[in-house]
Amino acid sequence: MRYISTRGAAPDLGFAEAMLTGLARDGGLYVPAEIPQMSTGDIRALHGLSYEETAFRVMRPFVNDAFADDVFADLIAKAYAGFGHDARAPLVQLAPGHFLLELFHGPTLAFKDFAMQLIGQLFEHELSRRGEQVTIVGATSGDTGSAAIEAFAGLDSVDVFILYPHGRVSEVQRRQMTTPQAANIHALAIDGHFDDAQARLKDMFNHFEFRDRVRLAGVNSINWARVLAQVVYYFTSAVSLGAPDRAVSFTVPTGNFGDIFAGYIAKRMGLPIDRLIVATNQNDILHRCLTSGAYEKGEVVPSISPSMDIQVSSNFERALFDAYGRDGKAVAQLMDELKAGGFAVSQGALQALREDFGSGRVSEDETLATIRQANETMGELLCPHSAVGVKVAEDQRDPTTPMITLATAHPAKFPDAVERATGIRPPLPNRMADLYDRPERLTRVPNDLAALETLIEERRRT
Ligand SMILES: Cc1ncc(COP(=O)(O)O)c(C=O)c1O
Ligand SMILES: N[C@@H](CCOP(=O)(O)O)C(=O)O
């Protein structure tokens, strides 16, 4: 399997190289040159398998010979061993025909653990095999950063710098990033919002002298391996509801478009998915684009679902690449226009996008009302991101097809919003009950590329 850039002007790479490279050198994102297919027989054969066995079968064709079968199976087993639920991603029924896929049983209580725990294993194995070291820089609105820190803390082969928007993440998220004491971990609070952090990260990748000198690597969903690991739970959940003999739909709380893009890949592989619905908060660039065709940057507005306070949605570029018939030049042109504020999606591409994706937007009041109602009627405490998904799913679902809404974080990560809606302050799991007592370690940084690069060069050990 080879990986090609969405902008068509970077060398194609194998799986391991694409994973360690992060952003393509033409500024694009790596995608598989072709999508492996799973037949109905292959999908039916997933019935009764463990999460890990399904993960192996779904991901194997994308990984090819980068890892031997026994090694890959072993790394998958290690990745999910620390999850707090035997099913890893359990499905609970919310209402007749509406199910919640709980993706928050990993070590940092958000869906990011599914990919990050695995790529932590893959990076460590591959880097020690090569005798190489890398500098990981990540941009986070809260969950990617804590998951990356958990997955990479203490590893000799990596230094990790996480940029998070100062004052715009929940206290639990911040403490998950600032309390680990490992010498290879650096939490950097940037003056700005998530889009600033993500833009500076991409600037670093596009500054080749710096990138090559520090051997820059990325663990945001820029990294194809992140998206791939997230494809798996679309299969496990759909199969448990009767796929391939019954189609299902998904509603996905969306910010950077990585999670829902994983669902799109599952569909392209042959999983019978009827609708993939993007659910956004008031930072609704994706909903506006799918509705009107105009992809136009707005101001990032802080919300009670802060992990989705994103206006420039990185992985949308991967969807555009397919919608434009895999024309890298056309995508590069759109991304140039985005620098100036936005672009209009062509009619043909918009139609292609709408064939796969629906969308909805949820206000702050609706989010709070959904958390309240889910607690009162179903006894389910939702985090605000999951509530955005549940609201859109309830508004748009077709009663003849089961709907699965992705519950992307544990309610205890966002206790203020949950308490405001329900009067209940969800407790942290026992293993992190002392999170509020642990000492914090962070550095305030300006939204300035040169200053960030200098700090990273000074602090890295690798
Ligand atoms: C809790 C939570 N829900 C939803 C999202 C949206 O996921 P994605 O960026 O993959 O669209 C994120 C992060 O982006 C998140 O942290
Ligand atoms: N919500 C994310 C934003 C970064 O998304 P990623 O999937 O590209 O890593 C976060 O929690 O940081």
Segments classed as strands (runs of 3 or more DSSP E), wholly inside region 239-351, with at least 1 members that are farther than 25 Å from residue 99 by Cα and at pLDDT 95 or above: 294-296, 342-344
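Collect the residues in region 131-143 that are touching a residue at least 24 places away in the same chain (Cβ under 8 Å), assigned to a loop (DSSP other than H, G, I, E, B) and either open to solvent by less than 10 Å² (accessible area, probe 1.4 Å) or farther than 19 Å from residue 414 by Cα (or both), keeping them in residue-number order.
132, 133, 140, 142
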Could you go through region 375-394 and let me know if any residue there is among the polar types (S, T, N, Q), part of a helix (DSSP H, G or I) and closer than 20 Å to residue 413 by Cα. yes
Unmet criterion (only one of (1) within 24 Å of residue 255 (Cβ to Cβ); (2) out of contact with any Gly (no Cβ under 9 Å at 6 or more places or on another chain); (3) of a type in the set (S, T, N, Q)) for residue 117: (2)
Just one of (1) within 12 Å of ligand 1 (Cβ to nearest atom); (2) open to solvent by 10 Å² or more (accessible area, probe 1.4 Å) trips up residue 261, so point out which. (2)
Flagged in region 114-171 as among the polar types (S, T, N, Q) and away from ligand 1 (no atom under 16 Å from the Cβ), in numbering order, are 121, 128, 133, 135, 157
Only one of these is open to solvent by 10 Å² or more (accessible area, probe 1.4 Å) and within 16 Å of ligand 2 (Cβ to nearest atom): 146, 128, 170, 157. Name it. 170
Residue in region 348-358 that is on the phi > 0 side of the Ramachandran plot, out of contact with any strand residue (DSSP E or B) (no Cβ under 7 Å at 6 or more places or on another chain) and without any contact (Cβ under 8 Å) to a residue 12 or more places away in the chain present: no
Condition check for residue 185: open to solvent by less than 10 Å² (accessible area, probe 1.4 Å) and within 25 Å of residue 267 (Cβ to Cβ): no
Where the second residue is of a type in the set (Asp, Glu) and the first is on the phi < 0 side of the Ramachandran plot and lies in region 307-335, which pairs have Cβ atoms under 6 Å and are six or more apart or on separate chains? 307/143; 311/195; 312/195
Hits in region 144-170 - residues which are more than 15 Å from residue 447 (Cα to Cα), small (Gly, Ala, Ser) and part of a loop (DSSP other than H, G, I, E, B): 153, 154, 157, 170
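The values are calculated or read from the model by the stated rules, or taken from the named source; none is laboratory data. Because the structure is a prediction, the values reported are computed rather than measured. Quick reminder, even Gly has a Cβ in these numbers, built from the backbone with ideal geometry, and neighbours come from all protein chains shown. For the accessible areas, the whole protein counts, side chains as well, though only heavy atoms, and no ligand, DNA or RNA atoms are used. Shrake-Rupley method; radii C 1.70, N 1.55, O 1.52, S 1.80 Å.
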